[in-house]
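The structure appears below as structure tokens.
The values are calculated or read from the model by the stated rules, or taken from the named source; none is laboratory data. The model shown is predicted, which means the values in this text are computed figures rather than measured ones. Glycine also receives a Cβ, built like all others from the backbone with ideal geometry; neighbour counts cover every protein chain displayed. All accessible areas refer to the heavy atoms of the entire protein, side chains included, with ligands and DNA or RNA removed. Shrake-Rupley method; radii C 1.70, N 1.55, O 1.52, S 1.80 Å.
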Amino acid sequence: MTTLAGDMILLAFDEEGGRLPVRQSLAPAVRGALLAELLDGGALTDEAGTAGAVGEAPRDAALREVWGRISAEPGRKWLHWVRKDGRASIHEVLRGLEKDGLLERSTGRVFGVFPLERVALTSTGLTAAGEVRAAVAAAAETPAAGAASAGGRAALLAGLAHAGGQLGTALPADRRRALKDRLTALSEAAAPVSPAVRRAVQDLQGAAVS
């Protein structure tokens, strides 16, 4: 099973699996997924809006790095950790997906000069990405009164992806508009991480247009 952050990256790939869009919002979304998985698993605590590490370091490299930083610097707000080392976390999660055989990376050059890394899903990765999209869509489409709406991995991912603007591959724009209230509820259920993800994305978008 992939991590929640791995699922977030699988969700970001286009349906053909040959392109991982380059967008600023992916970094805080991936960081948020790492934080949410640690919090949901009991490795982090929320102490009056700040993150604290408990227990033993996780085995997964990306989760372990985040847990170790928080353990060394307790008392910082969630927004700080969502903003911290986003690109490094993406690369670490990509390495994990590559190790699991879900993606493959190759290098080339643009105009024969500038180095370029290409990332594409394998056939196994394509299947996994399709399953992630379907699970997220199902969680979003489930009425709030449904038995599956109270929690679960897909619901948590959907809430974080909504906060981070990563739902485009799972739900078309018209469905996202129609399900706005449900998606908002899923995002609120992913607090305290989801508000930090949303704020980090908003700040990035504001900086891009200023």
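Classification of region 21-100 by its C-alpha gyration tensor yields an oblate form. The axis ratio a/c (a ≥ b ≥ c) is 1.5 or more, and b/c is at least a/b. A 1.4 Å probe run over the chain, with the rest of the protein chains in place, finds 51 Å² accessible per residue. Calculated mean residue ellipticity, 222 nm, the chain: -17500 deg cm²/dmol, from DSSP H runs (n ≥ 4) at -39500 (n - 2.57) each, averaged per residue and rounded to 500. Overall, the accessible surface of the chain at a probe of 1.4 angstrom is composed of carbon and sulfur to the extent of 53 percent. Peptide packing for 2-10, 86-94 was compared via the average number of neighbouring C-beta atoms within 10 Å per residue; ordered from the highest value, the list is 2-10, 86-94. A full extension of the chain between Asp203 and Ser106 corresponds to an added length of 31.7 nm, given 0.36 nm per residue minus the alpha carbon distance.
Extending 7 Å from Cα along the Cβ direction at Ala189 and again at Ala57 yields two label points whose distance is 3.4 nm. Within the chain, the selection of entire DSSP H helices by a Cα span of 15 Å or greater along the long axis and an average Kyte-Doolittle value of at least 0.0 returns 26-40, 61-72, 123-141, 153-164, 193-209.
Net charge of the neighbourhood of Asp85, taken over other residues with C-beta under 11 Å away and scored Lys/Arg +1, Asp/Glu -1, is +3.
Residues whose amide H falls under 5 Å from that of Leu20, counting only those 5 or more places apart or on a different chain, are Val119, with hydrogens built in the peptide plane. Highest mean first, the peptides 173-180, 96-103, 34-41 sorted by other C-beta atoms within 10 Å per residue fall in the order 34-41, 96-103, 173-180.
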